[in-house]
Structures are given as C-alpha cells and as structure tokens.
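One structure below.
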Amino acid sequence: MNLTSTLKNVLESVGKNNKPTYTVMAVAAANGIFKPISSLTDKKEKPEARKYAALREFATEVVAVPTYWACGVGAAAMGAKLFKNNPEKKAMARANMMFLGVCTAALLVIPAVCSGALYVLEKFMKQDKKPIEPARVNPQENFVKNVEIKNSADTTTKFGSIYAPSISTFVNRGGLKI
Amino acid sequence: MINSILTNPSIYNITQTTQVQVAVETGLKAVGRPGFILLDNSIDQNTKKYSATKEFLYQLTCIGLSLGVVIPIFKKGSFNIARKLFKDEPIFNVFKNSDEFNKFYNSAKENRVEKLREIYARKSSDYSDEDLQKHIHLAKGMIETTSIAGSVLGLSIMAPLISRPFIRPILSKVMPEKPQKSEPAKLDVQA
C-alpha cells in the first residue's frame, strides 16, 4: 500500500464521518506546540512572564487533547447506548452526541480542569519555593560592632601607639615604687 | 425533545463540517475560559479582568481569522491540491471547485449516488454504486481535511502572531491600568 492509497483511505474515512474530535484534537495538539513557542518569542514581555505564559499554554493543551477525546468518545458511547435498538438513529445519535461532548469539554471541562490543575500547581510551587527573606541589617548595631573591631585591632596590631607609650615621654606618676 | 435533537439529520449535517466545528468550539472557548478566569478567587480583581478580556479577544481573533481568511482559502484550494494528488479520480475533474461540490452534496442528500451517475454519464463513465459513494466521500474528505489543516494553521500559528499587535492596543484602551506583577522588595542600600 503506497502513500497515495493510504491518504485516499484516510480522506474517505474523514469524508464518511468527520468526527469533531479530529478537528479539535488537531488544533489542540498544534496549539500545544506553537503557542508556547510564540509566547517565548514575545520580546515585549519579561522573561519570567514569557516562561510562565508558555508553561501555562502548554499545560492547558496537554490537558485539552485527552479531555476532548474522552468527552467526545464517552458522549458518543452514551448516544449509541440510548439508541441501541434503532440502528438508523444510532449512528446519528453517536455523531451528534460526540459533538455535544466536545462542546461540553470546550465550555466547561477543560477550563475547570485547568483552573484546578493550576491551583494545585501554584500551591505546590509555593511550598517548594520558600520566599527568600532579605537579610535584616541594623545599621546602629553594625556601626558599634565596627568601631569595637577597629579599636581592638588598634590595640593589638599598632603596638606602642596608645597603650604602650614611648620611654622618652614616660612619667612615673607614683603608681610604682621600688 | 432531546431524542429528536440527538437524531436530527440537519444537526448531523451541520456538525460534520469543519467550519462549524471550529466556530462552535472557539466560540465556547471564548465564553468558558474567560468565565473560569473570572470565577477564580485567588487572583486579584484587576488581573482577572485583564486576563479574561485578553483571552476573550484572542478567541475572537481566532474565530475571525480561521473562518474569514484561512479556511475559505484552504477550501478553495482543496480541489486544486486533489487534482495534483489524485490524477485519475474523476470527481475532482467533474466539479470545478469545492463550492460546486458542496452545492451538489447538500442539494442531493437522499440520492447523491444517482445524481453523480447522471453527472458522470455526461462524461461517458461507468462506475458501480460503491465506487460513486467512495468518490463522494473522497471529495468531501478532501475538503474537510484541508479545512482542518487551515484551522490548525490559522488557530495555532497565525492567530498568536496576529493577535499580539491587535490585542495590546485594544486592551490598553479598554483597561488603561495593566495589572502590576508583585516584585520582591528591594533592600535599601543606604539604610
């Protein structure tokens, strides 16, 4: 079977029954690839905002693809069950219910799942990233410490400047008697 | 009531076209996504309004672009592509373009095969009913597949690029105050 005949079979299948899931899943999959790329290349946004938007868009479409499929196929199965005794109506109900399922996914299920997932993700990230507190600096305390350190350094290193006077200027003030 | 809606052939025919599927799905996204953003209580009011308006305008751009520009172009070109891919298929030569085929497809719902046989007979061709049915499905499939390709191109590649310069001025007019993102407090060096 060559490529042309395979393509022909695919086209005939789409022509026979153009399932809504085909379109929405194709669009969602492409959105998952190209929308984050587009967000990342937006130079007017800050790098952090770009990354966040790209991640959010990617996550939304990752949720959307299986949700569209599940809602569409699930609804179609329900439609088939409802009209299982009427084969003529069964096919019609399957297709129409699939469309309804996809619509429900687009309107309610995907936004709800994404909101829930983002809420959990943000909580998770907040737990992971404990806010870095800036070092508290007390200028008064630091000033005193610095002065003390300076003074103590003077006494030890600069020998003879204050605490060890020169012998020529030494005056015995009667403190020591021989 | 629900049973009649579920088994309605008109609804079936409408929902089988890619254009309708894309329009309805994007329209629902334009309602659902901003709606859920507005319902989120963990974001401040200003950010909520900004994000919801942005999402709404983006989805509107998607609908306009795909239905107004991309799908019609792809639909028109579908038969030209098909003629190159399937040179031996008579259906793509009998009908000049997709619009002509769609007219035939919608007008002759019950007896499409017979009508196609009549059209073919003018061209002195002989095919079985099954072949004719396959030809109809092939042409319909070609139109819908090119429409899906057009939707993918329009919604995923072109819409994000086009919406950026289009949405920003509208947003700045509708909502002059862009929500400020909280930045970490800067340490006062002089203190």
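The numbers here are math on the coordinates, done by the rules we state, and not lab data. Only a predicted model underlies this, so the values are computations on that prediction, with no experimental measurement involved. Using ideal geometry, Cβ is built from the backbone for each residue, glycine included, and neighbour counts are taken over all protein chains shown.
Put a plus charge on the Cβ of each Lys and Arg, a minus charge on the Cβ of each Asp and Glu, and nothing anywhere else: the dipole of the range A:18-125 about its Cα centre is then about 220 debye.
Add +1 for every Lys or Arg and -1 for every Asp or Glu among the other residues with Cβ under 12 Å from the Cβ of B:T146, and state the total.
Cβ neighbours under 12 Å give a net charge of +2.
Looking at A:A106, A:N86, A:V24, which one has the Cα that reaches farthest to the positive end of the dipole of the range A:18-125 (charges on Cβ: Lys, Arg +1; Asp, Glu -1)? It is A:N86, whose Cα lies furthest towards the positive end. Which pairs in the list A:K84/B:K140; A:K43/B:K48; B:K54/B:K103; A:K46/B:K173; A:K89/B:K87; A:K8/B:K96 are over 30 Å apart, alpha-carbon to alpha-carbon? Correct reply: B:K54/B:K103; A:K89/B:K87. Of the trypsin sites (Lys or Arg not before Pro) in the range B:21-97, the ones in a loop by DSSP (not H, G, I, E or B) with at most 10 other beta carbons within 10 Å are B:K87, B:K96. Here the range B:5-43 and the range A:8-57 have alpha carbon centers that stand 17 Å from each other. The loop-placed trypsin sites (Lys or Arg not before Pro) in the range A:1-47, going by DSSP, that have at most 14 neighbouring Cβ atoms within 10 Å of their Cβ come out as A:K43, A:K44. Based on DSSP H segments of at least four residues, each scored -39500 (n - 2.57), chain B has a per-residue ellipticity at 222 nm of -22500 deg cm²/dmol.
What whole-number distance in Å separates the alpha-carbon centres of the range A:64-85 and the range B:58-73? Between the Cα centre of the range A:64-85 and that of the range B:58-73, the gap is 28 Å. Positive contributions from Lys and Arg (+1) and negative ones from Asp and Glu (-1), summed over other residues with Cβ under 10 Å from the Cβ of B:Q16, come out at +2. Projecting the Cα atoms of B:M175, B:T146, B:V31 onto the charge dipole of chain B (Cβ charges, centred on the Cα centre) puts B:M175 farthest toward the positive pole. Think of each Lys and Arg Cβ as +1 and each Asp and Glu Cβ as -1; about the Cα centre, that makes the dipole of the range B:17-174 roughly 660 debye.
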